[in-house]
Amino acid sequence: MSRAIIFPGQGSQSVGMGRGLATQYPEAREVFEAVDEALGEKLSAIIWNGPDEELTLTENAQPALMAVSMATFRVLEKQGFSLADHADFVAGHSLGEYSALAAAGALTLADTAKLLRIRGKAMQQAVPVGVGAMAALLGPDFDTVVEIAAKASTDDEVCSAANDNAPGQVVISGSAAAVARAIDLAKEAGAKRAVELPVSAPFHCSLMSPAADAMREALADVTISAPVVPIITNVTASSCTNPEDIRTQLVEQVTGSVRWRESIEWLCKNNVTELVEVGSGKVLTGLARRINRELAASAINEVEDVDTFIASLN
């Protein structure tokens, strides 16, 4: 049996996440304190007390979700779990890729927090509010969505497939008018649902080029070590251990598609039979079951989840 540890992305945040673990485990508290120190502010207060609209801001949500994932991960380590002994791969959805790299020792916790704050701000500032949009298309396969996005695009208004989450669940991103056209085209093509998402910017499309430039600059001076186990990267949907390739792909990831369905399929082809989602929510656990019903998938959010998982290792 082979296991991969996976880390959630934006949209999985909720006020109060991680508080139970921080209350019970000093090693979880230490992660939140270290992230607060790295950012020079009490992000933990927003994570645990809100308000929701402040936590949802991209510049807060990204380091916040990483903090919860890493707090959970450090608790698992303290209880006897180790990536080297108990897992074969890591992966993360969009910002979750940074959590995966921190867990695998490729990035320090402080660097990860700072990078995600820069990433969140840069992604928000790349496109004025209202100019871009994202939408979820349920029903059409990925290739069909790529065709729909191409038809909806013009020379001035882009639309592209941003997240290939699971069979029949693809997110598009781009100029608001082009995304609106794509929604209409998807409905005409028989999509079960085509709905605009409540996001503040069009992530993972070419409009994010200024944010990619910002991340190229931010990542240039950061030390990246080889991860303890290979990471399955969003842009290649295959394994990577080379620090310079990781650096390049973290930049490409900002404008590129999140190839999540293909990433999980790659893991299955490479004998992974169990996925464990570490952090807030159960979004990736749900997607895993849509991608391959034979995969064992579970999420570790709370104290009791930690106990259950650690017991399963023995």
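The values are calculated or read from the model by the stated rules, or taken from the named source; none is laboratory data. Computed from a prediction, not measured in an experiment: that's the story for all the values here. Every residue, glycine as well, gets a Cβ built from its backbone with ideal geometry; the counts of neighbours run over all protein chains shown. With ligands, DNA and RNA removed, areas are computed over all heavy atoms of the protein, side chains included. Shrake-Rupley method; radii C 1.70, N 1.55, O 1.52, S 1.80 Å.
Observations on the structure shown:
- Tilt relative to the chain, helix 58-78 - C-alpha long axis, 0 to 90 degrees, to 10: 30
- Dipole axis of the chain (+1 Lys, Arg; -1 Asp, Glu on Cβ), positive-most option in A226, L275, I291: I291
- Net charge in the neighbourhood of R29 (other residues with Cβ under 14 Å of its Cβ; Lys, Arg +1, Asp, Glu -1) is -1.
- For region 109-229, relative contact order (Cα pairs under 8 Å, six or more residues apart, normalised by length) works out to 35 percent.
- Distance between the 7 Å Cα→Cβ label points at T273 and L313: 1.9 nm.
- Of the solvent-accessible surface of region 64-108, computed with a 1.4 Å probe over protein heavy atoms with every protein chain present, carbon and sulfur atoms account for 42 percent.
- Eligible aspartates and glutamates near K42 by straight Cα distance, threshold 17 Å, same-chain separation 8 or greater: E30, E33, D52, E53, E54, E59, D111
- For region 136-200, carbon and sulfur atoms together expose 50% of the accessible surface, with a 1.4 angstrom probe and every protein chain in place.
- Excluding same-chain neighbours fewer than eight residues apart, the aspartates and glutamates reachable from K187 by a Cα-Cα span under 17 Å are D141, D143, E147, E196.
- Mean residue ellipticity (222 nm) of the chain, computed from DSSP H runs ≥ 4 via -39,500 (n - 2.57), nearest 500: -15500 deg cm²/dmol
- Solvent exposure ordering (accessible area, 1.4 Å, most first) of L39, L284: L39, L284
- Surface accessible to a 1.4 Å probe, per residue, for the residues of the chain, Å²: 41
- Relative to the dominant Cα principal axis of the chain, helix 303-313 is inclined by about 80°.
- 29 Å Cα-Cα threshold exceeded, pairs from K114/K282; K151/K269; K121/K192; K78/K121: K151/K269; K121/K192; K78/K121
- Going by accessible surface with a 1.4 Å probe and the largest first, T154, T223, T112 read T223, T154, T112.
- Within the full protein context, the accessible area of F89 is estimated at about 30 Å² for a probe radius of 1.4 Å.
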